[in-house]
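Down below is the structure, laid out as structure tokens.
Throughout, read-outs are computed from the coordinates displayed, never taken from laboratory work. No experiment lies behind these values; they were computed from the predicted model shown. When we count neighbours, we look across all protein chains shown, and the Cβ atoms used for this are built from the backbone with ideal geometry, even at glycine.
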Amino acid sequence: MLRPPIEQQITFIYTRNFTRSTQFYEEILKLTLWLDQGSCRIYQVTQDGYIGICQGNEPKNPLPGQQNNLILTLVTQQVDQWYSYLQQEGINLENPPSFNEKYQIYHFFFRDPDGYLIEIQRFGN
């Protein structure tokens, strides 16, 4: 049996401060709101890639032995421009862009208001 197709991707993250997080994704990252479900807003990142920001009182607890870390990776050829833009917006950036030999990517990291790690990267030099 062939695997059914996957047509889109949504990464859901949960926040204790819904207003602060949605403002960050709308006003700083300037993502387009795709669907407003009240306590969860879904933003379009690429043609078929989405992120959902949902109100949550407590962080989601994984089952024992499961990974509870998340990195939201945004792929772009404009890594340096994103770094400059986020600096101008006053975002605390964890490191300047650098080339990762192991993965053959050029990237940097920063965190959203709830501490989720975001990576801006491009493949290759």
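Quick notes on this structure:
- Inter-label distance for GLN87 and ARG111, nm, one decimal - labels placed 7 Å from Cα along Cα-to-Cβ: 2.2 nm
- J(HN,Hα) series, the stretch 106-112, from Karplus relation 6.51 cos²θ - 1.76 cosθ + 1.60, nearest Hz, glycine and proline x: 10, 7, 8, 10, 8, 10, 7
- Percent antiparallel among DSSP beta bridges (both partners in the chain, rounded to 5): 60 percent
- Largest-first principal axis extents, alpha carbons of the chain, Å: 45, 37, 33
- Each of TRP34 and ASN125 was given a label point 7 Å from its Cα along the Cα-to-Cβ line. The distance between the two points is 3.5 nm.
- Estimated inter-spin distance, ARG16 and ASP80, nm [label 7 Å along Cα→Cβ]: 4.0 nm
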